[in-house]
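Here the structure comes first, spelled out in structure tokens, and everything after it is commentary.
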Amino acid sequence: MNKNESKYFNTAIKMDQAFLELLEKKDFAYITVKEICHEAGVNRSTFYLHYETLDDLLKESVEYMNRHFLEHMGQDSRNFVNKINDCSKDELYLITPKYLKPYLSYIKRNKRLFLTAIKKAKVLQLNQSYSQLFQHVLMPILDCYQVPQEERKYIMSFYIQGIIAIITQWLKDDCKEEIEFVMQVIQRCIKQPKGNL
């Protein structure tokens, strides 16, 4: 990375961080480009050099947060993906406190961003993120359970949309319920499969 690329990248990170800090204090609808620039220490023309709209910054900020979350979960998730084909079926069940608690804690810490992301799911193309998850993690799990190809997209839509619906409701209620309660609700709705799905 040359000096100009590095400067461009660092400025983008400053704006992501400024945006996320503002989002902790107020709703997305009330955040202005002027505030982001002031918070990041950049001028307005720099903002428009990076983004066309605030939605573009929101999309990048969600990606930035997801990268940080994946870095946080890093080793565990890499180890899990590497051992999918060799582990027992019990280990393939991801609806456990080991996986849910860090994810729900992360969502609660960043609830304004996630609520905004859900409201703007189309702009953020969240379905693409889930599609990548489906390909890299969930498809190998479905292989292990020998789920027929033609059923997979329906089964995964059911699971993913169900969990998203629970998390969306929790976010709309300002994450008032304890994380343990939300985990129990998700686990009650999605029972561990026995044998084949």
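Throughout, read-outs are computed from the coordinates displayed, never taken from laboratory work. For clarity, every value in this text was computed on a predicted model and none was experimentally measured. Here the Cβ positions follow ideal geometry from the backbone for every residue, glycine too, while neighbour counts run over all protein chains shown.
Please give the net charge around K26, taking every other residue with its beta carbon less than 11 angstrom from that of K26, where Lys and Arg add +1 and Asp and Glu add -1.
Taking every other residue near K26 into account, the sum is -2.
Grab the beta carbon distance between I164 and H68, set R0 = 25 Å, and tell me the FRET efficiency rounded to 0.05.
0.75
What is the spin-label model distance, in nm, from K25 to R109 if the labels are put 7 Å beyond Cα along the C-beta direction?
Each label point lies 7 Å from its Cα, and together they span 2.1 nm.
Just in segment 27-61: which GluC sites (Glu not before Pro) are loop by DSSP and have at most 12 other Cβ atoms within 10 Å? Don't skip to the answer; put the middle values down first.
Numbers: sites: E35, E39, E52, E60; in loops: E52.
Passing sites in segment 27-61 are E52.
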